[in-house]
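**Student:** Sharing a structure below in structure tokens format, with a few things to ask.
The values are calculated or read from the model by the stated rules, or taken from the named source; none is laboratory data. Quick caveat: nothing in here was measured; it's all calculated off a predicted structure. Positions of Cβ are backbone-derived with ideal geometry, glycine not excepted, and every protein chain shown enters the neighbour counts.
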Protein chains: 2
Amino acid sequence: MIISPLAPASTPDLPPVDGVRLAAARSGIRYKDRADILLVELTEGTSAAGVFTQSLTASAPVLACRDALKSGKARALVVNSGNANAFTGSVGVASVARVVDKCCALLGCAPSEIYTASTGVIGERLPDEKITSILHKTADTLSESAWNDAARAIMTTDTYPKMATRQAQIGGARVTINGIAKGSGMIAPDMATMLAFVFTDATIPAPVLQTMLKEANASTFNCITVDGDTSTSDTLLLFATGKAKNPAGDYTDFKKALHEVLHELALHIVKDGEGAEKLVTITVTGAASDAAAKRIGMSIANSPLVKTAIAAGDANWGRIVMAVGKAGEKADRDKLMITIGGVTVAKNGEADPNYRESQIETHMKGRDIDINVDVGVGKGKATVYTCDLTHRYIDINGSYRT
Amino acid sequence: MIISPLAPASTPDLPPVDGVRLAAARSGIRYKDRADILLVELTEGTSAAGVFTQSLTASAPVLACRDALKSGKARALVVNSGNANAFTGSVGVASVARVVDKCCALLGCAPSEIYTASTGVIGERLPDEKITSILHKTADTLSESAWNDAARAIMTTDTYPKMATRQAQIGGARVTINGIAKGSGMIAPDMATMLAFVFTDATIPAPVLQTMLKEANASTFNCITVDGDTSTSDTLLLFATGKAKNPAGDYTDFKKALHEVLHELALHIVKDGEGAEKLVTITVTGAASDAAAKRIGMSIANSPLVKTAIAAGDANWGRIVMAVGKAGEKADRDKLMITIGGVTVAKNGEADPNYRESQIETHMKGRDIDINVDVGVGKGKATVYTCDLTHRYIDINGSYRT
């Protein structure tokens with residue numbers, strides 16, 4: 001496998017989060033030579049928050065997670081890669097129930113405290129017996145330090161494991177936030193994203209946790225796209241074990257740290273976008289609203305013509321104009337300004353007379369492409385992230401099942 | 001250049017349309033070794049209808065055409081390929097005006113009777129003097145039979161010229177409809193399409209013509225997509241010279257023939273989609289409305305994951321489920337039925353237990369892929385057309401300007 005050229009030089013060492021133990025195992029559902037199951041045990045009293053795909057064909061685990069989340073409590077998370085258990089009807093729902101039941105027996109807890117997630121091929125029955133038969137043995141290997149193994153076990157077409165960590169202060173107590181994520185294709189999160197799991201030892205009630213998670217998600221996972229295709233399985237879960245025993249209080253610092261963890265994981269997903277060679281940051285300003293700015297940004301970020309031009313190192317900014325035009329949001333054609341790599345290429349509705357392509361040649365050849373578009377009608381702004389569209393995207397997706 | 005494998009074995013010979021004369025010429029705007037200018041002279045009394053891109057960054061020629069169309073009359077059409085004259089500000093508007101003025105002087109008519117269209121790179125100034133300087137000489141070569149030359153002069157990344165012809169009866173008189181079109185990438189028409197020009201000798205008042213054109217366009221050009229990118233220059237014009245002198249009357253047969261011409265041209269654009277190897281026909285039934293069915297169909301047709309799987313001959317129908325789920329339209333997951341090549345692959349919200357991939361292996365390897373999706377909530381239906389997403393799309397779009 002070719003590792004994404006945008007992968008970090010090294011993966012971070014995640015510290016333990018008090019109240020969280022992890023174990024990875026091999027079930028052989030699809031991948032024969034690597035771990036494909038993740039079991040996370042959470043201490044009693046852990047509160048939970050989550051956001052999920054808005055897809056109308058959401059997977060069985062997503063439906064089950066939504067249900068469980070009503071309790072606001074969590075004792076375990078079970079994830080498998082290689083099979084999404086999506087579009088599997090009542091059989092798929094029964095599969096989730098059997099995994100949850102087995103987990104309840106193991107930990108002595110209620111079904112509403114177990115969360116599951118599955119990622120991989122859509123429409124194939126999940127052979128849940130391969131999970132339930134090894135859960136007990138897997139629990140024997142639970143450890144506070146298996147973060148790298150955990151991040152690897154949930155990968156599908158990912159080329160590197162995705163992890164992030166931060167520390168924050170709440171009411172004078174120090175808390176840790178660890179996050180892991182997977183995702184590479186079928187990335188156009190709509191209120192949620194691919195699989196991402198975030199753990200903290202902070203003491204935070206579930207409703208507060210949920211509000212903070214939704215807010216941080218809006219400007220992180222919900223602002224990335226690889227291919228404009230929204231998954232059936234997008235799941236972002238945040239668990240707070242409460243072991244830090246911080247007082248309730250000012251969450252400003254925690255929110256900032258949570259945002260940083262989510263932002264870092266979201267960027268990792270783009271950097272590991274299928275076939276990605278370049279990270280593209282698109283900032284739209286001057287829109288009628290922030291939502292309008294995001295839609296214009298996503299129209300640019302999802303344009304195959306913009307993405308293939310960037311892959312080729314071609315500053316074909318006319319395609320950016322096209323993508324602004326098709327977004328369906330207000331834009332003043334005669335005030336439109338486009339900046340690439342800090343150089344103004346177009347303004348006042350036409351090419352900047354002082355612009356020469358040689359000015360941004362080096363920028364276009366680099367790994368990080370920065371595009372700024374001001375549409376000249378208001379104060380709305382948004383930043384979205386995507387990658388380029390290369391031959392490898394087609395290779396990966398033509399051969400995924402075979 | 002590699003000719004699309006979906007190109008017809010031979011192009012049709014278009015008969016003359018009384019009142020229409022055509023000439024192609026070389027201006028050297030971009031292409032050095034081929035004709036890139038089309039001049040069409042229309043007889044006095046010709047009525048006109050048109051639909052255009054809904055892009056907010058519409059090109060200067062599109063703005064001028066919309067204006068001209070208010071007259072309902074036409075005497076000439078001037079088209080250039082290689083430069084779209086889009087996002088060129090007031091300079092672009094002035095370019096169109098100079099071409100129109102020159103044409104008026106040549107034919108002795110009003111500016112509101114001249115239509116122009118430009119296709120090619122966005123954001124570069126149109127060197128209109130290269131057009132105006134040869135218009136007079138070009139007019140000397142006008143002929144009733146230059147349909148093939150005309151269809152070739154308007155091509156950009158097209159690999160073959162696109163033509164269609166039909167005859168129809170109006171009130172006992174026989175009329176002819178000829179159409180030519182171009183388009184290969186940036187194809188996701190929104191109320192209109194790339195360039196398509198249709199000519200008839202029928203006598204039909206402009207308002208009637210406009211109604212018929214809009215209706216036929218809705219189920220033809222507006223139901224195709226190559227890459228989900230909507231052009232700044234989409235233009236579909238229909239000219240009726242009135243030379244057939246048919247009585248006003250029952251247009252049923254004419255409408256049917258017009259629909260056939262537009263349908264044939266629209267399919268040609270998909271078959272010549274950049275990098276296309278397969279024509280994909282997607283029929284959605286059981287939707288809440290026809291509009292909902294079309295949006296679901298377009299969600300499938302624009303999914304890069306569906307398109308790359310089809311390119312690889314992989315019946316990865318789970319991606320079709322994903323695309324239905326992300327469309328944002330009502331669908332009953334537990335009634336969803338998917339048929340590929342006439343074989344039921346999924347029904348009642350899961351894989352059909354009787355389905356084996358070997359049943360559709362041959363179909364998936366073929367040039368024509370048929371997908372039917374019933375979403376089980378109502379009576380809405382639509383058929384949309386697209387092509388697969390191959391390596392050649394990336395090659396073409398990475399090197400377009402160089």
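**Student:** Any idea which residue in the stretch B:89-109 is nearest to residue B:236 (Cα to Cα), counting only those that are surrounded by fewer than 21 Cβ atoms within 10 Å (Cβ to Cβ) and among the small types (Gly, Ala, Ser)?
**Tutor:** B:97
**Student:** Could you count how many residues in the stretch B:127-157 are touching a Pro at 6+ places or on another chain (Cβ under 9 Å) and closer than 12 Å to residue B:83 by Cα?
**Tutor:** 2
**Student:** Is it the case that some residue within the stretch B:225-233 is among the aliphatic types (A, V, I, L, M) and away from chain A (no Cβ under 14 Å)?
**Tutor:** no
**Student:** Suppose we keep only residues that are surrounded by 21 or more Cβ atoms within 10 Å (Cβ to Cβ) and at pLDDT 95 or above within the stretch A:122-134. Which one would you say is nearest to the other protein chains (Cβ to nearest Cβ)?
**Tutor:** The selected residue is A:126.
**Student:** Continuing with this model, one more query. Return the residues of the stretch A:58-88 that are surrounded by fewer than 24 Cβ atoms within 10 Å (Cβ to Cβ), within 14 Å of chain B (Cβ to nearest Cβ) and assigned to a loop (DSSP other than H, G, I, E, B); say none if nothing qualifies.
**Tutor:** Scanning the stretch A:58-88 gives a single hit, A:58.
**Student:** Any residue in the stretch A:140-153 that is more than 14 Å from chain B (Cβ to nearest Cβ), of a type in the set (Lys, Arg) and either crowded, with 24+ Cβ neighbours inside 10 Å or more than 25 Å from residue A:242 (Cα to Cα) (or both)?
**Tutor:** yes
**Student:** I need the full set of residues from the stretch B:310-326 which are under 25 Å from residue A:91 (Cβ atoms) and more than 8 Å from chain A (Cβ to nearest Cβ), in order please.
**Tutor:** Answer for the stretch B:310-326, where residues must be under 25 Å from residue A:91 (Cβ atoms) and more than 8 Å from chain A (Cβ to nearest Cβ): B:315, B:320.
**Student:** When you scan the stretch B:133-140, do you find a residue that is of a type in the set (Val, Ile, Thr) and assigned to a loop (DSSP other than H, G, I, E, B), even just one?
**Tutor:** No, every residue in the stretch B:133-140 fails to be of a type in the set (Val, Ile, Thr) and assigned to a loop (DSSP other than H, G, I, E, B).
**Student:** Okay, next question. Given the criterion within 24 Å of residue B:45 (Cα to Cα) and among the basic types (Lys, Arg), identify the matching residue among B:243, B:271.
**Tutor:** None of the other options fit; the residue is B:243.
**Student:** Same structure, new question: Out of the stretch B:89-121, which residues are polar (S, T, N, Q), within 14 Å of chain A (Cβ to nearest Cβ) and touching a helix residue (DSSP H, G or I) at 6+ places or on another chain (Cβ under 6 Å)?
**Tutor:** B:118
**Student:** Please verify whether residue A:53 is within 14 Å of another protein chain (Cβ to nearest Cβ), over 27 Å from residue A:258 (Cα atoms), in contact with a helix residue (DSSP H, G or I) (Cβ under 7 Å, 6 or more places away or on another chain) and in contact (Cβ under 8 Å) with a residue 24 or more places away in the chain, treating the condition exactly as stated.
**Tutor:** No; evaluated as a whole, the condition is false for this residue.
**Student:** To continue, here is another question. With respect to residue B:307, is the statement that it is within 13 Å of chain A (Cβ to nearest Cβ) and either buried (at least 22 other Cβ atoms within 10 Å of the Cβ) or within 20 Å of the chain's Cα centre (by Cα) (or both) true?
**Tutor:** yes
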